[in-house]
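Engineer: Here you go, one structure.
Read the figures in this text as sums done on the coordinates, not as results from a lab. Small disclaimer: the values here were computed from a predicted structure and weren't measured. Cβ placement follows ideal geometry from the backbone for every residue including glycine, while neighbour counts extend to all protein chains displayed.
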Amino acid sequence: MKILHLNLKAEYFNAIKDGTKEFEFRLFNDYWNKRLVKRDYDEVHFKLGYPKNDDNDKIIKCKYAGYEIRSIKHTHFCNDSYTKVFAIKIKKEVING
C-alpha cells in the first residue's frame, strides 16, 4: 500500500478533523513535485506533528483523492502575493481504525 504522509501544525490538523478543511497545501517546488506528480497513493495520512505510528489520536487516515495546482495567498507562503501550490484534496470519509 502506498501512503502519502503529511505532517501538520495543530490548527490545520484540527480543521481536517472537524471537516472544515478541503485541501492541504504544499509549495509547488521540486521537493513536492517528485512526491506528487505522476505518483499514485492509496491513502494519505495527516499527522499532528511527528507522532508515533500507533498514536491514532494524532493521525487521520483518508483515501488519496489526488491534487490540483492552484495559486493562493497564504500566511505560510508569502501572503503578500499569490503563490503556486499543490492543493491536496481531503476526502470526507476517514478510514481510521
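Engineer: Select from the stretch 41-60 the residues that are surrounded by fewer than 16 Cβ atoms within 10 Å (Cβ to Cβ) and free of Cβ contacts under 8 Å to residues at least 40 places away in the same chain and list them in ascending order.
Structural biologist: Once the filter is applied, which keeps residues that are surrounded by fewer than 16 Cβ atoms within 10 Å (Cβ to Cβ) and free of Cβ contacts under 8 Å to residues at least 40 places away in the same chain, the stretch 41-60 yields P51, K52, N53, D54, D55, D57.
Engineer: May I ask you to verify whether K63 is surrounded by 13 or more Cβ atoms within 10 Å (Cβ to Cβ), in contact with a Leu (Cβ under 9 Å, 6 or more places away or on another chain) and charged (D, E, K, R)?
Structural biologist: no
Engineer: Shifting gears a bit: Would the stretch 70-85 turn up any residue that is within 15 Å of L4 (Cα to Cα) and either touching a Phe, Trp or Tyr at 6+ places or on another chain (Cβ under 6 Å) or of a type outside the set (K, R) (or both)? Spell out the reasoning first.
Structural biologist: So in the stretch 70-85, the residues within 15 Å of L4 (Cα to Cα) come out as none.
Within the stretch 70-85, not a single residue is within 15 Å of L4 (Cα to Cα) and either touching a Phe, Trp or Tyr at 6+ places or on another chain (Cβ under 6 Å) or of a type outside the set (K, R) (or both).
Engineer: Right, something else. Being farther than 29 Å from Y82 by Cα and either surrounded by fewer than 17 Cβ atoms within 10 Å (Cβ to Cβ) or out of contact with any strand residue (DSSP E or B) (no Cβ under 6 Å at 6 or more places or on another chain) (or both), is that true of even one residue in the stretch 29-40?
Structural biologist: Taking the stretch 29-40 first, the residues farther than 29 Å from Y82 by Cα are none.
No: zero hits.
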